[in-house]
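Shown next, in structure tokens, is the structure this report addresses.
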Ligand SMILES: [Zn+2]
């Protein structure tokens with residue numbers, strides 16, 4: 001079942017209330033007749049409004065999802081019933097009009113041959129540094145466009161791809177849409193594979209699995225349907241040094257035993273250069289130090305995550321004779337044997 005109200009707002013079928021509202025606001029701004037004087041903007045604005053009217057109302061939306069037509073189109077109420085049209089006189093003309101308004105003209109109500117162009121998917125793999133700062137990227141992709149030298153219009157259906165046939169039955173007249181026999185529903189469009197390059201802006205803060213939608217850069221529609229969209233699907237490559245969790249970064253640093261004991265200043269890497277970190281004497285293994293704001297930028301622009309430096313204590317192995325002597329000396333001075341046995345006793 002086609003879901004052209006969702007297409008109209010450029011959202012997924014499972015979009016939540018907020019996504020619907022956001023899409024509506026963006027498109028309403030884009031196509032508002034006060035702002036956008038280009039041909040067709042006015043009509044697009046109305047489409048956006050009526051799509052929002054249905055999808056923003058949970059009951060209307062549920063019915064639309066179930067039946068594939070809006071209440072108005074189905075005659076459930078609001079805009080127009082059958083009364084007034086069943087009487088004789090101008091019968092067919094009246095039905096012509098009403099079905100035109102039921103099915104919203106060339107956009108179709110899901111049963112016309114009009115079809116949106118397919119959405120395209122482009123996989124883009126970027127580094128953690130790029131994800132952190134955002135980047136402008138030129139991509140090259142194949143898509144389907146109007147064939148060179150061909151025109152958009154089929155003479156029989158005027159390019160919409162369908163014809164309407166009104167049939168009289170015992171129950172009244174039924175209008176049916178069928179694919180135009182002349183152009184087989186394509187509206188006269190012949191499509192051809194083409195290549196294009198696009199500059200896309202990847203915002204700072206993207207994560208693996210995020211999809212960036214580039215409106216109208218998919219395949220051309222058939223039968224008067226709109227162009228599809230392009231989805232750029234992001235993969236952020238694993239980093240050799242930093243692990244990411246949301247907008248926070250983690251860095252494991254193996255610190256030599258003596259420095260964990262005595263304290264030290266570490267020159268640690270961050271995504272934008274090195275910085276000093278003071279590790280106090282007696283730092284325990286697993287201690288985390290937070291470098292505020294040194295993580296990844298929030299994609300919505302609210303600040304940045306942090307960088308956590310996790311201290312691993314590097315316990316020496318393969319000691320030389322001299323080193324062994326030193327440790328034995330420390331052990332004796334600290335009375336380690338006795339301290340250990342009293343610890344173990346307290347555990348028993
Ligand atoms: Zn045709």
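Numbers below:
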read-out	value
Spans of strands (runs of 3 or more DSSP E) in the stretch 157-238 with at least 1 residues within 25 Å of the chain's Cα centre (by Cα) and farther than 20 Å from residue 8 by Cα	191-202, 230-236
Tally, over the stretch 239-267, of residues that are part of a strand (DSSP E or B) and either surrounded by fewer than 18 Cβ atoms within 10 Å (Cβ to Cβ) or over 38 Å from the mean Cα position of the chain (by Cα) (or both)	13
Condition check for residue 155: within 15 Å of the ligand (Cβ to nearest atom) and farther than 18 Å from residue 115 by Cβ	yes
Boolean, residue 207 is on the phi < 0 side of the Ramachandran plot and surrounded by 14 or more Cβ atoms within 10 Å (Cβ to Cβ)	yes
Per-region count, the stretch 180-193, residues surrounded by 17 or more Cβ atoms within 10 Å (Cβ to Cβ) and within 12 Å of the ligand (Cβ to nearest atom)	7
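Rule-based calculations on the coordinates, nothing more; no lab input. This one's a predicted model, so the numbers in the text were calculated from it and none came from an experiment. Note that we place each Cβ from the backbone using ideal geometry, even for glycine, and neighbour counts take in every protein chain shown.
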